[in-house]
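So the structure is just underneath, and the comments pick up after that.
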Amino acid sequence: AAGVIQSPRHLIKEKRETATLKCYPIPRHDTVYWYQQGPGQDPQFLISFYEKMQSDKGSIPDRFSAQQFSDYHSELNMSSLELGDSALYFCASSPPLHLRELFFGEGSRLTVL
Amino acid sequence: GQSLEQPSEVTAVEGAIVQINCTYQTSGFYGLSWYQQHDGGAPTFLSYNALDGLEETGRFSSFLSRSDSYGYLLLQELQMKDSASYFCAVRVNTGGFKTIFGAGTRLFVKA
């Protein structure tokens with residue numbers, strides 16, 4: 001069965017640079033979520049999209065932005081990177097009207113040097 | 001705001017039973033989920049309770065009491081591969097659905 005695809009899996013950037021993470025949800029899933037997980041931390045909700053519109057916002061810095069495109073894939077753009085942005089970034093998706101389960105991708109590990 | 005509390009760490013032996021508790025304070029509550037995460041891996045869904053009571057899925061069971069804002073995950077016949085972090089997470093609707101995770105409980109299973 002198709003899963004959530006994230007790219008790149010690993011990314012190394014310098015401080016003040018920009019990074020873009022991509023997420024391809026499971027086909028026919030209409031909702032996408034982004035989470036940030038630091039070492040030893042719980043996944044922190046950043047932002048979500050439903051039917052290509054932003055549906056909720058969590059602890060996402062102003063330096064970050066995201067969008068969901070017409071094919072339902074989503075991109076998380078991070079600018080002016082800081083050392084503290086080093087983390088695992090997970091994308092998750094859920095199908096229409098589905099309250100139970102989030103399906104997570106394998107994550108993108110961002111390292112800021 | 002939303003807050004969840006669960007123990008940071010639990011240790012048990014193979015074959016034993018362990019219960020991981022979770023209390024929450026939240027608005028727009030829809031249900032309580034449990035996720036398992038191995039080091040470096042993605043969270044994977046274990047269970048979801050929207051109504052009071054016990055849900056059983058194989059060796060794992062989950063319980064919810066909405067009136068007490070409390071739930072637990074019960075793992076039976078523990079195996080070494082169950083060593084992982086377990087997150088309780090609330091499904092809420094505050095203008096849009098989202099899932100908020102607790103800090104996680106690190107389970108160590110010993111031989």
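Using just the Cα positions, wrap the protein assembly as shown in a convex hull and report its mean projected area in square nanometres, one decimal place.
If I average the Cα hull's projected area over directions, I get 12.2 nm².
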Margin query: Please report the spacing between the Cα centers of region B:71-111 and region B:1-56 in Å, no decimals.
Written below: 3 Å
Check: Out of residues 5 or more away from A:Ala66 or on other chains, whose amide H comes under 5 Å of its own, with H placed 1.01 Å from N in the peptide plane?
Finding: A:Asn77
Checklist line | Label-point gap, in nm, between A:Glu17 and B:Leu51 - each point 7 angstrom along Cα→Cβ | finding: 5.3 nm
Next item on the list: Would you pull out the residues with amide H under 5 Å of B:Phe108's amide H, same chain only if 5 or more places away, H placed 1.01 Å from N?
Entry: B:Val10, B:Thr11, B:Ala12
Next item on the list: Tell me which residues come under 5 Å, amide H to amide H, from A:Ile12 once H is placed; ignore anything under 5 positions away on its chain.
Entry: A:Thr111
Margin query: Averaged over its residues, how many other protein chain Cβ atoms are within 10 Å of peptide A:39-48's Cβ atoms?
Written below: 5
Check: In the structure displayed, which of A:Lys52/B:Lys81; A:Lys15/A:Lys57; A:Lys15/B:Lys81 lie more than 30 Å apart, Cα to Cα?
Finding: A:Lys52/B:Lys81; A:Lys15/B:Lys81
Checklist line | Positive-end extreme of charge dipole, chain A - chosen from A:Val112, A:Tyr89, A:Gln67 (charges on Cβ) | finding: A:Val112
Notebook entry, point to check: Across the residues of A:82-92, average count of Cβ atoms on other protein chains within 10 Å?
Noted result: 1
Checklist line | Overall Cα dimensions of region B:3-111 - principal axes, largest extent first, Å | finding: 46, 30, 21
Item checked: Order of B:Cys88, B:Cys22 under a 10 Å beta carbon neighbour criterion, fewest first -> B:Cys22, B:Cys88
Item checked: Charge dipole (debye, nearest 20) of region B:18-111; +1 at Cβ of Lys and Arg, -1 at Cβ of Asp and Glu -> 220 debye
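Laboratory data are not the source of any read-out in this text; all were calculated from the coordinates shown. Computed from a predicted model, the values in this text were never measured in an experiment. Neighbour counts are summed over all protein chains in view; Cβ atoms, including those assigned to glycine, are modelled from backbone coordinates with ideal geometry.
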